[in-house]
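There's a structure below that I have some questions on.
Coordinate-derived values only; no laboratory data. Being a predicted model, the structure only gives us computed values, none of them experimental. Cβ sites come from the backbone with ideal geometry, for glycine too, and all protein chains shown count toward neighbours.
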Amino acid sequence: MFQKFTKHNFMNTLNQTKSFMGNAYHHTKSFLGQVDHGVRIAKKAYAILEPTISHFAGSNNKAHQGVMKAVTGYDELKHKIINHHDTIENHVNQVVGKFKKLV
């Protein structure tokens, strides 16, 4: 009886943790998707405006250099996040698989 009780508690705690983490994951992923969508629109808008800005600002355009540096930094950060996401997803799948075998 005690073994069944502790197994039940363990599974209940595991399910609550899974639910909490799943909700946090989906909300964060949705938010970052919205941010990424905004950045893509900003990149397209800048691509349209850039020739005009360069024409009036001249060849030594610090604003253009700053925008390009920001875009590069964003792309690098996005790449790192995607790589970490894939790594974490693999670890979670391994852990879930092991728990399924346990129970």
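Which value, in debye to the nearest 20, gives the size of the charge dipole of the chain about its Cα centre, when Lys and Arg are +1 and Asp and Glu are -1 at the Cβ?
Numbers: 14 positive and 6 negative charges, 107 e Å.
Charge dipole of the chain: 520 debye, to the nearest 20.
Among THR6, HIS84, PHE56, which residue has its Cα furthest toward the positive end of the charge dipole of the stretch 2-102, with +1 on Lys/Arg Cβ and -1 on Asp/Glu Cβ?
The listed residue farthest towards the positive side: THR6.
Of the lysine pairs in the stretch 2-102, how many meet both conditions: Cα atoms under 15 Å apart, and a spacing of 8 or more in sequence or different chains?
Lysine pairs meeting both conditions in the stretch 2-102 amount to 9.
Determine the gain in length on full extension of the stretch LYS43-HIS85; use 0.36 nm per residue of separation and subtract their C-alpha separation, reporting nm with one decimal.
Result: 12.7 nm gained on full extension.
Given bins 5 angstrom wide, list per bin the percent of all Cα-Cα distances in the chain, short to long.
2, 9, 12, 15, 11, 10, 9, 7, 6, 5, 4, 3, 3, 1, 1, 0, 0
Could you state the angle between the C-alpha long axis of helix 62-102 and the longest principal axis of the C-alpha atoms of the chain, as a value from 0 to 90 degrees rounded to the nearest 10?
The angle comes out at about 10 degrees.
Also: Could you tell me which of rounded, prolate or oblate describes the stretch 12-53, using a ≥ b ≥ c as the square roots of the eigenvalues of the alpha-carbon gyration tensor, with rounded for a/c under 1.5 and, failing that, prolate when a/b is larger than b/c and oblate otherwise?
Taking the square roots of the gyration eigenvalues as a ≥ b ≥ c, the stretch 12-53 is prolate.
Need the full-extension length gain, PHE31 to PHE10, defined as separation in residues times 0.36 nm minus the C-alpha distance. One decimal, nm.
Stretched out fully, the PHE31 to PHE10 stretch lengthens by 4.4 nm.
Hey, another quick one. Helix 2-57: angle to the longest alpha-carbon principal axis of the chain, degrees 0 to 90, nearest 10?
Roughly 10 degrees between the two axes.
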